[in-house]
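Take a look at the structure below.
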Amino acid sequence: MTEDDFAIIRHIARHRFLRSTHVASLAGRSLDRTNDRLCHLYHAGYIDRPRAQLDYYPTAGSAPIVYALANRGARLLRAHGEIDLSHIDWGRKNREAGRPFIEHQLQIADFEIATQLAAERAGHRFIDAGEIVGARAGANHIQSNPFTMRAAVTHSGRRHEIGLVPDIAFALMLKNGAPRNFLVEIDRGSMPIMRTDFSQTSIERKLRCYLAAHAARLPERQFGWKAFRVLIVTSDEYRVRSMIGALQSIQPPGAAGSSLFLFASRDELRATDPLTTTWRSVDGQLRPLLPQ
């Protein structure tokens, strides 16, 4: 077991599921060398290969193998002073993880890793959710979704208390010293944009939740963020336009909080990276994520 091996286990634990290509990018190694170390760690019982990934090998060909934390890896993290994940039966969780859940987690990893590597190339510092929350608590730990909020939303004269859990939370310390804070939603394209029943999940409901959290200054009270943006990544351009239409019906351009959101499709992000692509704002215009 080397320090690089421990770093690989830590990366996998933080992201829940990673492809071998993700690990190679984070480790700064060749894919062949990374696959060799992953194979050794898998056979030694530190990491696992979720069974559900076998579902898409017949159609995807020789897709990169997906890895997850195993029980022995969790015990190793605890021994190194990380947050204790050893009370969880990771073998069972990995067996029970279905293909849609794994694919969503991989889409989250795609975005977060691309952003981290782009920030490093540009000379900015990428700060993940665990470090943000750990810094406020006086410790730095791996944490899962520590940015949970509860927002009070009024709709059609009724008040709703709704839990809000972003897929990703991160900050950038720009090379000029300026901080930028972001919450991210990775939309798989299956959630309805709007529903007649507001108690059911929809994109409109999620937008209203973020607007309510922003108006109540929940991120400032909970995490010290006086300013932040919500990035929404979705399946295609048509869905981007539909989401912007829903936002305009709630908060038209120029209204309080309307500039909180930026939208992009996965195809746009694949062609470049989250920091250099241009994002759609509430008025439909293209905006850079960072100041030029």
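The values are calculated or read from the model by the stated rules, or taken from the named source; none is laboratory data. Note that the structure is a prediction, hence the values are computed from the model and not measured. Positions of Cβ are generated from backbone atoms using ideal geometry, with glycine treated the same way; all protein chains shown enter the neighbour counts. Remember, those area values only see protein heavy atoms, side chains included, never the ligands or the DNA or RNA. Shrake-Rupley method; radii C 1.70, N 1.55, O 1.52, S 1.80 Å.
I need a count of the residues in the stretch 193-222 that are open to solvent by 20 Å² or more (accessible area, probe 1.4 Å) and among the aromatic types (F, W, Y).
Total satisfying the criteria: 0.
Of all residues in the stretch 238-271, how many are open to solvent by less than 60 Å² (accessible area, probe 1.4 Å) and either within 20 Å of the chain's Cα centre (by Cα) or of a type outside the set (G, A, S) (or both)?
16
Mind telling me which of the residues R95, R72, R125 ends up being under 16 Å from L26 (Cα atoms) and charged (D, E, K, R)?
Answer to the check: R125.
Restricting to the stretch 161-177, give me the number of residues that are touching a residue at least 12 places away in the same chain (Cβ under 8 Å) and either among the hydrophobic types (A, V, I, L, M, F, W, C) or outside any loop (DSSP other than H, G, I, E, B) (or both).
The number of residues fulfilling the criteria is 11.
For the stretch 192-292, give me every one of the helices (runs of 4 or more DSSP H) that falls completely inside it and has 2 or more residues that are on the phi > 0 side of the Ramachandran plot.
Per the criteria, no element qualifies.
Return the residue satisfying two criteria in turn: it lies in the stretch 276-286 and is in contact with a helix residue (DSSP H, G or I) (Cβ under 9 Å, 6 or more places away or on another chain) and open to solvent by 20 Å² or more (accessible area, probe 1.4 Å), and of such residues it is modelled with the lowest pLDDT.
Looking at the filtered set, the residue picked out is G284.
Pick from R229, R221: which is closer than 23 Å to P288 by Cα and either among the charged types (D, E, K, R) or in contact (Cβ under 8 Å) with a residue 12 or more places away in the chain (or both)?
Only one candidate qualifies: R229.
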